[in-house]
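A.B. asks: There's a structure below that I have some questions on.
The values are calculated or read from the model by the stated rules, or taken from the named source; none is laboratory data. Note that the structure is a prediction, hence the values are computed from the model and not measured. Neighbour counts are summed over all protein chains in view; Cβ atoms, including those assigned to glycine, are modelled from backbone coordinates with ideal geometry.
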Amino acid sequence: MDYNKRRWVVLVVSCIVNIIIGTGYAWSVFAGPWAEVLNVPSAALAFTVCNAVGFITMITGGKINDALGPKWVVFVGGLMFGGGALLAGFSKSLAFLIFAYGIVLGLGMGLVYSCTIGNTVKFFPDKRGMVGGLTTATYGLGSVILAPVAQMMVDNMGVASTFKVLGIVYLVVICVGAFLITACPADFVPAGYTPPAPAAGQKAPQDKNWNGMIKDPIFYVMFIMLVCGAFFGLMMISQCSQVSQNMIGMAATTAATTVSILALCNAAGRVVCGFISDKIGRVNTLTFCLVLAIVGLILVWCSGYSGGAPNATMYIIGVCLVGFCFGAYMGVYPGFTADQFGAKNNGVNYGIMFIAFSVAGVLGPMIMSSNFESTQSYSTAIIIALALAVVGFVLTFIYRVMSKAKK
């Protein structure tokens, strides 16, 4: 098999599959309708659980992928992801919705994501940032496509029937795509590519397993940086539609468009910053994006709480910056982890690093939701996100000092 050609097929199919599993980012379109159907104050916990459990199957899926290849892992993940959405369509209680969407679909998402990202990055040691950006961008792109379509489906057939239809589509597309994904051979080197030699006086990068990675102090700096970078993105993604309506006063259809804009910027950040990080370095890219995120969060806060009338233009600009910078983190981190700890075990290593995403996925939506329920305001949650973005910015410089000392 000509793996130099095959790797492009794997990239395309992995991107298509990631579009499907990325539709979870359109959750805010469904949150309100599910709360009404189930007669509960909020359905945000289902999205929170979905993000919280993903790392479990990312780690196990990464291990199986490293040992046996991605085909069957993606297939089983497709059964769980599509089946979870289908099951969620039969929800009569919040507990069942959390089980179907939060646990079954969430675990399936982790399985698929671990393989499509980890396996594809291995195929492209010459373009890690770009490919990490593309594969994670399509993951973010799913909600751009789904949000307006889902809003129409919910309006015409109800949220439960919408989930049943989508579940069947998800299941078919992912399970068929699984058989077109090939494992990257351990000794594969792209034609014309020579691994870069370490600079004078520096050590060559080492392939570390998960045990070696967690013993490295720099792992914990990277981990907290990811929590800081994912927090503000997942907080906004989980409730963008509700924030648009409650804080700015948008109609539901306009708010759904804002969800798509957020998702589009999320996808753009993954591609653009993944590509840029190949040129200027991962940590330099993250530092720049955290500055943009801080500006974006200030604009979001000022658009609703500066004392005047809500400012929709300021809000949308802020949302765009937040989405772009969150996408940058998701696009850069697979390659960032492989650069630091080696590509050989990146399936498992990135799965462990992804626990930081799950932490942010629990805390961000929960704080946003509880803040509004208790005060009818999102002000405190936005300020917390802003503070964490500042912490992340400081950590990029601590990372530089530690990395320099290590080399």
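A.B. asks: Select from region 11-22 the residues that are crowded, with 24+ Cβ neighbours inside 10 Å and within 26 Å of Ala191 (Cα to Cα) and list them in ascending order.
C.D. replies: Answer for region 11-22, where residues must be crowded, with 24+ Cβ neighbours inside 10 Å and within 26 Å of Ala191 (Cα to Cα): just Ser14.
A.B. asks: Which ones in region 129-143 are modelled with pLDDT under 80 and surrounded by fewer than 24 Cβ atoms within 10 Å (Cβ to Cβ)?
C.D. replies: Gly142
A.B. asks: Related question: Residues that are of a type in the set (S, T, N, Q) and crowded, with 24+ Cβ neighbours inside 10 Å: find the helices (runs of 4 or more DSSP H) completely inside region 318-407 holding 1 or more of those.
C.D. replies: 346-353, 355-375
A.B. asks: For region 301-317, which residues satisfy the criterion of being in contact (Cβ under 8 Å) with a residue 40 or more places away in the chain, in a helix (DSSP H, G or I) and more than 21 Å from the chain's Cα centre (by Cα)?
C.D. replies: Across region 301-317, the qualifying residues are Trp301, Ser303, Gly304, Tyr305, Ala312, Tyr315.
A.B. asks: Looking at region 237-284 only, could you name the residues that are polar (S, T, N, Q), within 20 Å of Ala389 (Cα to Cα) and without any contact (Cβ under 8 Å) to a residue 60 or more places away in the chain?
C.D. replies: Within region 237-284, Asn284 is the sole residue that qualifies.
A.B. asks: Condition first: part of a loop (DSSP other than H, G, I, E, B), under 18 Å from Thr162 (Cβ atoms) and touching a helix residue (DSSP H, G or I) at 6+ places or on another chain (Cβ under 6 Å). Now tell me which residues in region 69-102 satisfy that.
C.D. replies: Residues satisfying the conditions are Gly89, Ser91.
A.B. asks: Look through region 276-302, keep the residues that are charged (D, E, K, R) and buried (at least 16 other Cβ atoms within 10 Å of the Cβ), and return whichever of them is farthest from Ser244 (Cα to Cα).
C.D. replies: As a first pass, look at region 276-302 and keep what is charged (D, E, K, R): 278-279, 282.
Those still in the list that are buried (at least 16 other Cβ atoms within 10 Å of the Cβ) too: 278, 282.
Working: Asp278: 35, Arg282: 32 Å.
Once the filter is applied, the top-ranked residue is Asp278.
A.B. asks: Does region 333-340 include one or more residues that are in contact with a Phe, Trp or Tyr (Cβ under 9 Å, 6 or more places away or on another chain), under 19 Å from Ile237 (Cβ atoms) and either without any contact (Cβ under 8 Å) to a residue 40 or more places away in the chain or β-branched (Val, Ile, Thr) (or both)?
C.D. replies: no
A.B. asks: If I go through region 11-45 residue by residue, how many of them are under 30 Å from Ile214 (Cα atoms) and of a type in the set (A, V, I, L, M)?
C.D. replies: Result for region 11-45: 3.
A.B. asks: Go through (1) part of a loop (DSSP other than H, G, I, E, B); (2) farther than 26 Å from Ser28 by Cα; (3) at pLDDT 90 or above for Thr287 and report which single condition fails.
C.D. replies: (1)
A.B. asks: Okay, moving on. Quick check, is Val176 under 18 Å from Val12 (Cα atoms) and either in contact (Cβ under 8 Å) with a residue 40 or more places away in the chain or surrounded by fewer than 18 Cβ atoms within 10 Å (Cβ to Cβ) (or both)?
C.D. replies: Values: under 18 Å from Val12 (Cα atoms): yes; either in contact (Cβ under 8 Å) with a residue 40 or more places away in the chain or surrounded by fewer than 18 Cβ atoms within 10 Å (Cβ to Cβ) (or both): yes.
Criteria met by Val176.
A.B. asks: What residue, among those in region 228-257 that are at pLDDT below 90 and among the polar types (S, T, N, Q), is farthest from Arg400 (Cα to Cα)?
C.D. replies: Thr253
A.B. asks: Can you find, within region 328-382, the residue that is nearest to Trp27 (Cα to Cα) among those that are polar (S, T, N, Q) and under 16 Å from the mean Cα position of the chain (by Cα)?
C.D. replies: Among those that are polar (S, T, N, Q) and under 16 Å from the mean Cα position of the chain (by Cα), it is Ser358.
A.B. asks: Here is a follow-up. Condition first: under 16 Å from Ala150 (Cβ atoms), buried (at least 20 other Cβ atoms within 10 Å of the Cβ) and among the polar types (S, T, N, Q). Now tell me which residues in region 233-268 satisfy that.
C.D. replies: Ser238, Gln239, Ser241, Gln242, Ser244, Thr258, Ser260, listed by residue number.
A.B. asks: Under 8 Å by Cβ, and 6 or more places apart or on different chains, what pairs join a residue from region 49-72 that is within 15 Å of Ser358 (Cα to Cα) and in contact (Cβ under 8 Å) with a residue 40 or more places away in the chain with one that is among the polar types (S, T, N, Q) and surrounded by 23 or more Cβ atoms within 10 Å (Cβ to Cβ)?
C.D. replies: Correct list of pairs: Asn51/Ser358; Ala52/Ser358; Val53/Ser358; Gly54/Ser358; Phe55/Ser358; Thr57/Ser114; Met58/Ser114; Ile59/Ser114.
A.B. asks: May I ask you to list the residues in region 364-379 that are in contact with a Ser or Thr (Cβ under 9 Å, 6 or more places away or on another chain) and in contact (Cβ under 8 Å) with a residue 12 or more places away in the chain?
C.D. replies: Passing the criteria: Gly364, Pro365, Met366, Ile367, Met368, Ser369, Phe372, Glu373.
A.B. asks: Tally the residues that are at pLDDT below 90, outside any helix (DSSP H, G or I) and out of contact with any Phe, Trp or Tyr (no Cβ under 9 Å at 6 or more places or on another chain), restricting the search to region 1-55.
C.D. replies: Going through region 1-55 one residue at a time, the tally reaches 3.
A.B. asks: Exactly one condition in (1) within 23 Å of Val131 (Cβ to Cβ); (2) buried (at least 24 other Cβ atoms within 10 Å of the Cβ); (3) modelled with pLDDT under 85 is not met by Ala67; state its number.
C.D. replies: Only one criterion in (1) within 23 Å of Val131 (Cβ to Cβ); (2) buried (at least 24 other Cβ atoms within 10 Å of the Cβ); (3) modelled with pLDDT under 85 is unmet by Ala67, namely (2).
A.B. asks: Something else: Has region 347-355 got at least one residue that is touching an Asp or Glu at 6+ places or on another chain (Cβ under 8 Å) and within 18 Å of Arg128 (Cα to Cα)?
C.D. replies: The answer is yes, given that some residue of region 347-355 is touching an Asp or Glu at 6+ places or on another chain (Cβ under 8 Å) and within 18 Å of Arg128 (Cα to Cα).
A.B. asks: Tell me yes or no: at least one residue of region 23-43 is surrounded by fewer than 20 Cβ atoms within 10 Å (Cβ to Cβ) and under 30 Å from Ala343 (Cβ atoms).
C.D. replies: no
A.B. asks: Being polar (S, T, N, Q) and modelled with pLDDT of 90 or more: is that true of Asn119 here?
C.D. replies: Here the answer is no, as Asn119 does not meet what is asked.
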